[in-house]
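S.K.: The structure that follows is given in the form of structure tokens.
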Amino acid sequence: MNYLQQSFSVKFEYRVFFTDMLFDVSNPVLNDFLVSSQVEGEMRKIMFVVDANVALHHPGLLDQVKLYFLEYQAVTVIDDVLIIPGGEIAKNEPSYYTRIVDAVNDYGIDRHSYIAAIGGGSILDLVGFAAAVSHRGIKHIRIPTTVLSQNDSGVGVKNSVNYKNKKNFLGSFAPPVAVFNDYHFLTTLNDRDWRSGISEAIKVALIKDRVFFEWIEQHATALVKRDKLAMQYLIRRCAEMHMNHISSGDPFESGSSRPLDFGHWSAHKLEQLTNFEVTHGEAVAMGIALDSLYSCLSGRLAEADYERIVILLQTLGFAIFHPMMQVEAANSPIVTGLQEFQEHLGGQLTIMLLKDLGVGEEVHEIDKNLLIQAANKLRNR
Ligand code: NAD
């Protein structure tokens, strides 16, 4: 045999901090992190990219950031803060990606410096991707400002933008160096974006933890009323389960299975079919309803459990069906989501279904007739 063998592993480690008022000068959490990562004789830079809606709803934020770094001088802050429209447009419109990469060039942001993103999951995905490919990887810090990004997208390892009308077609597995979940940001979310991220918590509870599912049932009204303690618990537990899953399994998804994507095959397609009028979290809620009903009709899940899932989603104010989810035939638009889901990951089609509340089961085939039945039943509900 004539070959050289190469093998190494790279360890990734990052913390997710839970805090309130991150940029208040009396809050040293961010500075402590930066100091702990300092290297003697080096002055690192930090460049901020901010979701335009966050800047709008927190008008003092940019000044606060500057004051913070006047007080704490662990890094040099770049004066020019990039403000980018929040929402899916950030991932759809290539000029935003270019703006960040150009700023990396203009301000000499090197691999010892940081790019910090403050915003919802869309901004974090975009900035993480731009950071991952600039100079082959600049350290990125995530400061998520929505429920979904604090409990799910911001604590994981994936970054992406959309391409050719396909979700997350261009992306990277590049973990952040740190995540700062600041509850204060959530206070300015509208009810829709407040609710949206709760679906990811229901998803992870359904596939892994019945006790957490029942906790969400018991606290549904508190969550609707925007109870702080209930939301803080939901975010922390969901983030914890998400992170445990990543480190215990296949963090960079080299296999065919993506258990955390329960309910997502149709959700991603629905977002695209509705031109992103349906948010990611809303689409996930409908995807959960569809795949739970399919689990029931295929004899895996008890009907009473399916009922509990739908009632919980509705109590929280989620719609469980959208006309674009109509399945009339095997080639209905939403069904192409199955193929796109498989293509994105590669390998065998692997869809997570439910056997019980808190117990998932992966399958490799979806019966189109049962899917038609499930979609019809949901529509008529
Ligand atoms: P979003 O980022 O689209 O934000 C929703 C809206 O809220 C936007 O209009 C945004 O500007 C606004 N906003 C953000 N913070 C605010 C605040 N504090 N106050 C007022 N308004 C605020 O939505 P999202 O639900 O956070 O993220 C969805 C995105 O995350 C999707 O693109 C989805 O594909 C992605 N995602 C990524 C992963 C991953 O692993 N990388 C996982 C799940 C979802």
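Every read-out reported here was derived from the displayed coordinates using simple, explicitly stated rules and does not represent laboratory data. Everything numeric here is computed off the predicted structure, so don't read it as measured data. Here the Cβ is made from the backbone with ideal geometry for all residues, glycine too, and neighbour counts use every protein chain on show.
S.K.: Which of the peptides 345-351, 125-131 is most tightly packed, and how do the rest follow, judged by the mean count of other Cβ atoms within 10 Å per residue?
M.R.: 125-131, 345-351
S.K.: Hey, another quick one. Could you please rank His57, His242, placing first whichever residue has the fewest other Cβ atoms within 10 Å of its Cβ?
M.R.: Neighbour counts put them in this order, fewest first: His57, His242.
S.K.: Here's another thing I want to ask about it. Helix 121-133 sits at what angle to the longest principal axis of the chain, using alpha carbons and giving 0 to 90 degrees rounded to 10?
M.R.: Rounded to the nearest ten degrees, it is 60.
S.K.: Suppose we look only past 24 Å in the calculated P(r) of segment 1-117. What percent of the Cα-Cα pairs does that tail hold?
M.R.: 39
S.K.: Report D for the chain in µm² per second (integer): Stokes-Einstein, Kirkwood Rh on Cα pairs, 10 °C, 1.306 mPa s.
M.R.: Estimated via Stokes-Einstein, D reaches 74 µm²/s.
S.K.: Which of the peptides 216-226, 9-19, 334-344 is most tightly packed, and how do the rest follow, judged by the mean count of other Cβ atoms within 10 Å per residue?
M.R.: 334-344, 216-226, 9-19
S.K.: Further, regarding this structure: For an R0 of 45 angstrom, estimate the FRET efficiency from the Cβ-Cβ distance between Ser248 and Ala330 and round to the nearest 0.05.
M.R.: 0.80
S.K.: Taking 8 Å as the Cα distance limit and 6 or more residues as the minimum spacing, I'd like the relative contact order of segment 242-367 as a percentage.
M.R.: Computed value for segment 242-367: 30 percent relative contact order.
S.K.: Pull out the extension gain between Ser9 and Lys164, defined as 0.36 nm times the separation in residues minus the alpha carbon to alpha carbon distance; nm, one decimal.
M.R.: 52.4 nm
S.K.: So how much slack lies between Ile311 and Thr76, counting 0.36 nm per residue of separation and subtracting their Cα-Cα distance, in nm?
M.R.: 79.5 nm
S.K.: Here's a follow-up. When 1/r is averaged over all different Cα pairs and the result inverted, which Kirkwood radius in Å belongs to segment 38-99?
M.R.: It works out to 13.2 Å.
S.K.: Sticking with this structure for a sec: Let me know the charge dipole size of segment 6-121 about its Cα centre in debye, to the nearest 20, where only the beta-carbon of Lys, Arg (+1) and Asp, Glu (-1) is charged.
M.R.: 300
S.K.: Full-extension gain between Tyr107 and Gln339, please, as 0.36 nm times their residue separation minus the C-alpha to C-alpha distance.
M.R.: Difference between extended and current length: 79.3 nm.
S.K.: Still on this structure, I have one more. Under a plain spin-label model, where a point goes 7 Å from the Cα along Cα-to-Cβ, how far apart in nm are Val35 and Leu56?
M.R.: 3.8
S.K.: How high is the relative contact order of the chain, given as a whole-number percent (alpha carbon pairs under 8 Å, six or more residues apart)?
M.R.: The normalised contact order for the chain reaches 14 percent.
S.K.: Give me Asp261, Asp209, Asp63 ranked fewest to most by other Cβ atoms within 10 Å of their Cβ, as a rough exposure proxy.
M.R.: Asp63, Asp209, Asp261
S.K.: Then there is this: If each residue's Cβ is checked for other Cβ atoms within 10 Å, how do Lys158, Lys368, Lys269 rank with the fewest at the top?
M.R.: Sorted ascending by nearby Cβ count, the order is Lys368, Lys158, Lys269.
S.K.: Roughly how tilted is helix 303-315, in degrees to the nearest 10 and between 0 and 90, from the longest Cα axis of the chain?
M.R.: That works out to roughly 50 degrees.
S.K.: Sticking with this structure for a sec: Can you give the helix-only mean residue ellipticity at 222 nm for the chain, where every DSSP H stretch with n ≥ 4 adds -39500 (n - 2.57) and the sum goes over all residues, rounded to the nearest 500 deg cm²/dmol?
M.R.: That comes out to -14000 deg cm²/dmol.
S.K.: Ok, one more. Which residue, Ser332, Ser248, Ser134, has the most motion in a Gaussian network model of the chain that connects Cα atoms within less than 10 Å?
M.R.: Fluctuation is largest for Ser248.
S.K.: Related question: Let me understand segment 100-158 better: what is its radius of gyration from the alpha carbons, and its Dmax, in angstrom?
M.R.: That works out to 11.2, 33 Å for Rg and Dmax.
S.K.: Take Ser95 and Lys66, extend 7 Å from each Cα along the Cα→Cβ direction, and tell me the distance between the two endpoints in nm.
M.R.: 2.6
S.K.: For segment 45-167, what D do you get in µm² per second when you plug the Kirkwood radius from alpha-carbon pairs into Stokes-Einstein at 4 °C and 1.567 mPa s?
M.R.: Using the Kirkwood radius from Cα pairs, D works out to 90 µm²/s.
S.K.: What net charge is computed for the residues neighbouring Ala302, neighbours being all others with C-beta under 11 Å from the C-beta of Ala302, Lys and Arg scored +1, Asp and Glu -1?
M.R.: That sum, taken over residues with Cβ under 11 Å, equals -1.
S.K.: So for segment 89-180, averaging the separation of alpha carbon pairs under 8 Å that are six or more residues apart and normalising by length, what relative contact order in percent results?
M.R.: For segment 89-180, the relative contact order is 28 percent.
S.K.: Separate question: Report the percentage of all Cα-Cα pairs in segment 216-347 whose separation exceeds 25 Å, rounded to a whole percent.
M.R.: 34
S.K.: Answer with one residue from Leu186, Ile235, Phe169: the one whose Cα lies farthest towards the positive end of the charge dipole of segment 156-245, charges on Cβ with Lys, Arg +1 and Asp, Glu -1.
M.R.: Phe169
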